Structure formats: structure tokens, C-alpha cells
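Just so it is clear, none of the values below were taken in a lab; they were calculated from the coordinates. Just so it is clear, the model here is predicted, and its values are computed rather than measured. Ideal geometry is used to build each Cβ from the backbone, glycine not excepted, and the neighbour counts take in all protein chains shown.
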Amino acid sequence: MPARWYTQPLSRRVGAWIGLPPAAFRECVMSRINRRQFVQTGAAVAVAAAAPKSVFGQAPTVMTPKSVKPLVVASANGNRFKNGGTQTAVEKAFAMITSGADVLDAVIAGVNIVELDPLDTSVGFGGLPNADGVVQLDSCCMHGPKKRAGGVAEIEGVKTPSLVGKAVADLTDHHLIVGQGAQEFARNLGFEVVPDLNTDTSRKAWLEWKRRTDPLHYLTPADRALEVKKISLAVMREFGFDPAHYYGTINCDGLSPKGEICGVTTTSGLAWKIPGRTGDSPILGAGLYLDNEVGAAGSTGRGEANLYNLCSYLIVENMRRGMHPKDAGLDALKRIQSNTIEKRLLNDRGLPNFSINFYILNAKGEHAGVGMYAATYAVCTENGAQTLPVEPLLQGRADQ
Ligand code: ASP
């Protein structure tokens, strides 16, 4: 290929490759048309047969006909925020699933409500920024029947990173695109890129956090490090933010009547993190994992604890061995507890001083929310949306 080829926008390059003009290609992406429909669409049909396997993926999995009650599970914010509309994330996802929409499109449409709602300070637009005041977002998604996945990390300026993660799954041979590359990928596909995802409130809170953690106030970096978490939690309280949003994320997983399982996780990550810090949310096996024949698990809470133990993967493998979602999740929490030995991560009872939760469903339609400490999670079934208590591993509360 001539070097010049690489300087073309992605939509032009991929569009030309498969025989579609850039505008038509972007249209396909933005209308969230799925890969199979895309291949069946007009001009693409002719080139699909000859296209490399990596472009169009494998043949659709043949589904064993089964019937199961549809279900959506999510973190608690999935049954709280409506962004001025009438439905929460789990309600939206459930309504779309039961109307026959693709399950991944449904759960992503659900979390888009929370990503776009400035009132949730842990996700998308209005998410708390990094230590430099820049909102950096992480997301990943998995499609059970298609066995495809995609994610983005530390993307700036795009309000719905979940849709960019889906484009990574649908349109590339990759699973994760990060930073500036992720933003350029989104821009080339026609996503709006805005200069700043802060709200007035998130910016004011960051300025206050910055003032109180200014290194000039501390004799040594160690003295400062000791204070940062306390200051962060104090600023969260004073600005009326949910302390659960120091960490904070939305995970949403759905099961269709045909037994199709898909999931998505999206977050602004740890409040006032070191720029570039990436947690568990965009990492397959950590922030989200699923297997269409087994079930799905996703997480919110201290991402480092999850990354060290890859708990969503562990939970799905536990279910594969026959465990109920609740037992599979509690087992993963025990793993986290036993691997948490550093004093700075333990409270005065010697227990983990952080919160972490998992939202779990299996292919039979059973579900559970589990947490290191008491918390809640969201469920939507034919009986409507509910916020239920998680099964806690430990009594009491985390420091946050
Ligand atoms: N798990 C996310 C992270 O560590 C944050 C959260 O869910 O609270 O980035």
C-alpha cells in the first residue's frame, strides 16, 4: 500500500476496502447495524465473499433453539438515572430485548442513558476527571452469540465510549484501542468529539480536590499519598456525590428469550486518577466476561482488586463448573480478600477497605449481585425493574 493510504480517515480506508463510500460506511456504523445485516446490505454483499475473514468474522453461530425468560442485570445506577427520559438503563434494555432487538444493542442503549446523564458522576459525560482535570473513559462489550468483543480505554471527548467499543468489535480485528488512537478511531467513524466532558460541578470538585492535594502542602510525597484518599472522599461528600462513585461504573448484561447473552461495562474510572490509569472496566475477563452457553459477569468497584484476580472470568468459569451465580460470585470475592494483604488496603479489622461488586446472570435466567460489603444492584424481568440488595461477603462497610 502507498504510505498515503494510511493518512486517509478510517471510514474512507475501510469503506474503500469493502466497496462502500465513506458516508455509507459511517451510516452503517452510526445506525448500529450489526455485522450480519451489514454483510447482507447492497454493495457489501458482492465483496463480502472475497473479503478477508478478519473483516467479516466467522459464520453466525447456529443457536440451539431454547426458550428462557428474558432478563437484564446491572449495577444499581442502571435502575436510577433516566437522563430526563422515562426509562432507566435496565428498563430500556429489557424493552428492546423483548421487542426482538439485538441483545448487545439493547444493553448498550441502556447504558447510553447513564453515559449521557450528567448526574451520574462515574460514567460518560460529567464523569469525574483525572488528576489533570481531563475526563478519560473506559468501556468494553461482548456479544455472546457472535463471540465478538471490543473496548476502548482512556478515550477523551466522546460521551458514549460503549458505542466506540462496539465499533471496535464490529469493524476491526482487534479487542482494545486506547487513548488518542481510540479518539481518532471514533472521530473517523463520525462520533462527536467534544473538547471537555466535565460539567460545571465536576470541574469545581476537581479544582477543590487539586487545591487540597497540592504537593506544596506536604513535606514528602509519602505524607501526601497518605492524605489523598481521605481528601478525595471528603470532596465527594462535600459536593454531594455518591461515595460509591469515587469508584463507579455501569455494567449491564442481558439474556434474550432465545438464550442470547451480551454485556457492556462503561466508566470514567477512579475519580482524580493518575492520567492514563486504566482500571478493570475495559479489560475482558475483569470488568466484563461472558460465554453464551454459560452466563455473564461484570463489575464495579476497586478495579485494581479485580484486575489482579480477573474475577469476571473466574465467575463465568465457576458457573461453567455448575455453581449458582451467587456462589460463583462469592467465591471470586473470597479470592480478592485472600489476595489483599497490603496494610494500606486493609481496615482496622484486617479486612479489605474498599468496595467491589459483581452482577451476574446465567444461561438459565438465574441472577445474583454480590459485593465485598452491602450494596444494591438492578434487575429487570417481566415483572418490571427492581433494585435489590447484593449478597455481601463481609459485614460492615468499606472505608468507601
Ligand atoms: N472499576 C472501575 C475502575 O476501577 C471503577 C468503578 O467501577 O468503580 O476503574
Enumerate the calculated ³J(HN,Hα) couplings along the stretch 123-131 in order (Karplus 6.51 cos²θ - 1.76 cosθ + 1.60, θ = phi - 60°), each rounded to whole Hz, writing x wherever the residue is Gly or Pro. 8, x, 4, x, x, 5, x, 7, 5
Between the alpha carbon centres of the stretch 206-264 and the stretch 284-314 the gap in Å comes to 20 Å
Quick check: pseudo-label points 7 Å beyond the Cα along Cα→Cβ at HIS324 and LEU207, how many nm apart are they? 5.3 nm
Relative contact order computed over the stretch 352-400 (Cα-Cα under 8 Å; 6+ residues apart), in percent: 37 percent
Distance cut-off 28 Å, Cα to Cα: go down the list LYS166/LYS229; LYS92/LYS159; LYS82/LYS146; LYS82/LYS229; LYS82/LYS147 and report the pairs above it. LYS166/LYS229; LYS82/LYS146; LYS82/LYS229; LYS82/LYS147
What whole number of Å gives the distance from the Cα centroid of the stretch 69-138 to the Cα centroid of the stretch 334-351? 31 Å
Cβ-based exposure ranking for LEU333, LEU219, in which fewest neighbours within 10 Å come first: LEU219, LEU333
Taking θ as phi - 60°, what are the ³J(HN,Hα) couplings along the stretch 379-396 by the Karplus curve (6.51, -1.76, 1.60), each to the nearest whole Hz, with x for Gly and Pro? 9, 10, 10, 4, 8, x, 8, 9, 10, 10, x, 7, 7, x, 6, 10, 7, x
Kindly provide the trypsin sites (Lys or Arg not before Pro) of the stretch 327-371 that DSSP labels as loop, not H, G, I, E or B, and whose Cβ sees at most 10 other Cβ atoms within 10 Å. ARG349
For a quick check: with amide H placed at 1.01 Å from N, whose amide H comes under 5 Å from CYS262's, ignoring anything fewer than 5 positions away on the same chain? GLY144, GLY254
When only C-alpha pairs under 8 Å and at least 6 residues apart count, what is the relative contact order of the stretch 159-259, in percent? 16 percent
Backbone HN-Hα couplings from phi across the stretch 153-159 [Karplus 6.51/-1.76/1.60, Hz, Gly and Pro as x]: 10, 6, 7, 10, x, 10, 6
Per-residue Cβ neighbour rank within 10 angstrom, fewest leading, ASP348, ASP102, ASP399: ASP348, ASP399, ASP102
